[in-house]
Amino acid sequence: MAHLLLLSSPLSISLCFFAWLQGFLVVHGNTNLTHSSFTPINRDLYHSSGDLMEEIKALVFRHPDLLTFDTIKSRNKGYSAEIAVVTYCRRRQETDDMPKFRILLSFGQHGRELITSELALRILSILSKEQFLPNLDPATLDHTLDKLLIKMVPMENINGRRIVEAGDLCERRNGRGVDLNRNWSVDWGKKEKDYDPYEENPGTAPFSEPETQIMRKVAMSFDPHIWVNIHSGMEALFMPYDHKNTTPDGVSSHQMKSLLEELNHLHCQRRCMIGSGGGSVGYLAHGTATDYMFDIVRVPMAFTFEIYGDGAASSKDCFKMFNPTDFGTFNRVLNEWSAAFFTIFKLGPNHLGENYSKTSVPTLDKWVSIDEYLDGYLVERSSRYGKKMEVLELGMQEIRTYFRLFLLSSVLLLFMFCSRISKGKCARPIVSAIAL
């Protein structure tokens, strides 16, 4: 009876309730904590970032007649980054001075999208004929590839990728918390009502990040006919624009849409979303790479591809949402999208039509700063002759300094000349038109 009375007191009831609540939270909280890590990286399917890059280097080493490998480094305010660029070109010595159809592909811009870098490795393996696509005639493939010069960035955001591999499976930003696909200059810094700084931090200024600085240099110097930024999270074939709910005007828009519709029919079974990123995905994105490539670099065909997404996955189960987790789906995605890119290699020049004649020298209507031009020029030369960027940095700084001094002295001389003319006019005697 004493025990019953004790339990019936308000204090005892409260204690019992909190004890029950604590037990409930321990049981269910542990479940949630375990569940919050969700699907881990499948190490049987996915390479680590280091292993993947080493495999690509080995591939380049085995095929020096087809592939070259360059590492470009940059640093900004104590933060360093490096990006590997792999160049594919058949008959390099025979056709070095002949115009080629140039394609620039970037993978792994967001750290959590591991499947995109696996696709880069698969495409390079097929280009070097260590793997093969079914129903693809080797002779026809060789004829297509003879016309192409392809640059690929297998892992644009290696610092962010390492954070993901360390356990933060939802990280998409770079090593200091900036979204590289919001750090470009077209409509940079604008924030929508649903802006999430964890997801979309644009940085302190356009091109504040070493990774975007490097990619800008590569794009300016290479001057591609086609640009594709490869992501995951859904299945989609996007064209500009990302920062507004419209597509570009003119012939280029029709050419891009026509190519995307063909890809959707051949490789997506019409399940891929097509259109502008801003008009199709449900939100506007400001400061993206694809908008910059189209508006500033003037790439005739600029795309963003989304190659996989698990719509049924929890928004917190990031690895599962952005990457296939079983062997069958993993291989299906790589096979289907590898085939899609080889269709681009084949059909791209045909769809572009007259714009194919664009030369490798940037056109005069692409007004860029002297820093951008010199950086791009030196990146191009280092890629061609195999020199390291570090050797050229001092010379580049000196050229910039002399050029700025030249501009300053020219302005001062022009000012002095104009001032002298003005004084000369003022010193002339005034002759009256009225007779005295």
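Below, the figures for the structure above:
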quantity	calculated
Residues (aliphatic (A, V, I, L, M) and in contact with a strand residue (DSSP E or B) (Cβ under 9 Å, 6 or more places away or on another chain)) located in segment 156-177	Ile158
Residue that is open to solvent by 30 Å² or more (accessible area, probe 1.4 Å) and hydrophobic (A, V, I, L, M, F, W, C), where the choices are Ile163, Ile158	Ile163
Within segment 141-154, considering residues that are open to solvent by 10 Å² or more (accessible area, probe 1.4 Å) and in contact (Cβ under 8 Å) with a residue 40 or more places away in the chain, the one nearest to Ser49 (Cα to Cα)	Lys151
Condition met for Met293 (at pLDDT 95 or above, under 20 Å from Gly278 (Cα atoms) and not in a loop (DSSP other than H, G, I, E, B))	yes
Search result, residues across segment 287-298 that are over 23 Å from Ala339 (Cα atoms) and open to solvent by less than 10 Å² (accessible area, probe 1.4 Å)	Gly287, Thr288, Ala289, Asp291, Tyr292, Met293, Val297
Cross-chain or 6+ apart pairs with Cβ under 7 Å, segment 48-62 first and under 18 Å from Leu119 (Cβ atoms), then of a type in the set (S, T, N, Q)	Leu52/Ser117; Leu59/Ser125; Leu59/Ser128; Val60/Thr68
Of all residues making up segment 143-193, the number that are modelled with pLDDT under 95 and charged (D, E, K, R)	6
Meets criteria (open to solvent by 10 Å² or more (accessible area, probe 1.4 Å), in contact with a strand residue (DSSP E or B) (Cβ under 8 Å, 6 or more places away or on another chain) and not in a strand (DSSP E or B)) for Ser258	no
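The values are calculated or read from the model by the stated rules, or taken from the named source; none is laboratory data. In this text the structure is predicted, and so the values were computed from the model without any measurement. Cβ coordinates were reconstructed from backbone atoms using ideal geometry, including for glycine residues, and neighbour counts include every protein chain displayed. Remember, those area values only see protein heavy atoms, side chains included, never the ligands or the DNA or RNA. Shrake-Rupley method; radii C 1.70, N 1.55, O 1.52, S 1.80 Å.
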